[in-house]
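Here the structure comes first, spelled out in structure tokens, and everything after it is commentary.
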Amino acid sequence: PPVETVLGLDEMQEAAEKVMSEKTRSYYNTGALDEYTLDENRKAFNKCRFVPRIMVDVSTIYPQTKIFGQDSPLPIYISPASNALLGHPDGEFTLVRGAAKTGIFQGVSAASSLPFHELLEEKERLDAELGSKMNMGYQVYVQSDREKSEALVKEAVDGGVKALFLTNEKVKGTKDDCAPGIRMGPHTDYLPYHDARLNWDDLPRLKELAQGTPIYLKGVASIEDVRLAKEHGLAGVILSNHGGRQLDHTRTGFDALRQIHAEDPNLAKEIEIYIDGGVRRGSEVLMATAFGARGVGLGRPFLWAQTAYGEQGVIRTIRIMESEIVMAMRLLGLTRLDQVGPQHVECIQQMWK
Ligand code: FNR
């Protein structure tokens, strides 16, 4: 179907599934083990209901905000996800172009299928052509070969990225990578790509390499780690279970946000908090912002969009989210995002249902 007839992100997924190979489907769509967390990411938002305010002048709505220190037309961004080439022959270029043409912030994956410098060049070309400005972040994996990782960070920082996302990945994310078998004693036989030794003491070196570029820790689930990130001088955290691709049964980013807000409602004012995982509706973005999230990342929806329609699919996805966010704000009685708060959402207490 023509891209303009796609009205929601689930439909975008359906359009992608019609054209993608089995290999792409299993890479993009699946989660770890029994996929409880993958499933829960979607369901988490259904534990909450809105409490709209009425009789408010909502003739003009401003969904603009600042995310990762940059002006953004919407409180959403493209979460770094690997291997766009599996879905579309233009690979990550589709994301770069879609982001540049809409002003949306894009996180580029360390496991991008196209070389980072090519994406950077395309971004610079588009910025010059459109008069837009760099809104790109680079996601960092700390490899066992640290020199390689350092060189990549340096390239991104020198290239002018606005943020670094440090993903704490200790295994590769697919089912095939889970080593079977029971072993006794310490397990030191590790997949060699990601450095399992990565810990808080590595942050000073990363900060040095970042030269002032703000660092966001991605994959945080606990309030303790949010506090540690703050103590270590990071700009923010992304509450995320990596799209349900790592530890199955991990709680969702949204549930973590709710719990953190309940325990310390001021924490989100002291360190920037973002979430990702299972967000498919503008209304869900509003729920997250109500509990203090500055912005919300979408991973799979952009992979599906570019698989189905390339750059046009990416732009369409952003337009759909825009109209849903604006509609939700209008119906909630909000004209600006800083007006939304926990008073607009009521949730059941159980973490699961
Ligand atoms: C990811 N994600 C991810 N994250 C990251 O930091 N580096 C990466 O290379 C990847 N790669 C990746 C590949 C694929 C196929 C998926 C689905 C996800 C995780 C991603 O950034 C984000 O956390 C989740 O995708 C968010 O969940 P949704 O929006 O996909 O439900």
Collect the residues in the range 219-245 that are more than 14 Å from the ligand (Cβ to nearest atom) and in contact with an Asp or Glu (Cβ under 7 Å, 6 or more places away or on another chain), keeping them in residue-number order. I223, K230, A235, G236
So, in the range 51-72, exactly how many residues are of a type outside the set (S, T, N, Q) and touching a Ser or Thr at 6+ places or on another chain (Cβ under 7 Å)? 4
Exclusive hit being under 14 Å from the mean Cα position of the chain (by Cα) and farther than 27 Å from G212 by Cβ, set L286, L298, L239, L247: L298
Of (1) polar (S, T, N, Q); (2) within 14 Å of the ligand (Cβ to nearest atom); (3) free of Cβ contacts under 8 Å to residues at least 24 places away in the same chain, T317 satisfies every one except (3)
Is it the case that I271 is in contact (Cβ under 8 Å) with a residue 12 or more places away in the chain and either away from the ligand (no atom under 15 Å from the Cβ) or surrounded by fewer than 24 Cβ atoms within 10 Å (Cβ to Cβ) (or both)? yes
Of all the strands (runs of 3 or more DSSP E) wholly in the range 36-121, which have at least 3 residues that are within 14 Å of the ligand (Cβ to nearest atom)? 76-78, 105-108
Looking at the range 1-25 only, could you name the residues that are touching a residue at least 12 places away in the same chain (Cβ under 8 Å) and within 11 Å of the ligand (Cβ to nearest atom)? L9, Q13, T24
Being at pLDDT below 95 and not basic (K, R) narrows it down to one residue among Y216, Y193, Y274; which is it? Y193
Scanning the range 81-96 for residues that are surrounded by fewer than 22 Cβ atoms within 10 Å (Cβ to Cβ) and in contact (Cβ under 8 Å) with a residue 12 or more places away in the chain, the one nearest to S26 (Cα to Cα) turns out to be L86
G295 - would you say it is within 12 Å of the ligand (Cβ to nearest atom), buried (at least 24 other Cβ atoms within 10 Å of the Cβ) and not β-branched (V, I, T)? no
Residue among R281, R319 that alone is within 18 Å of Q106 (Cβ to Cβ), in contact with a helix residue (DSSP H, G or I) (Cβ under 9 Å, 6 or more places away or on another chain) and surrounded by fewer than 20 Cβ atoms within 10 Å (Cβ to Cβ): R319
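The values are calculated or read from the model by the stated rules, or taken from the named source; none is laboratory data. Nothing here was measured: the structure is a model prediction, and the numbers come from that model. Note that we place each Cβ from the backbone using ideal geometry, even for glycine, and neighbour counts take in every protein chain shown.
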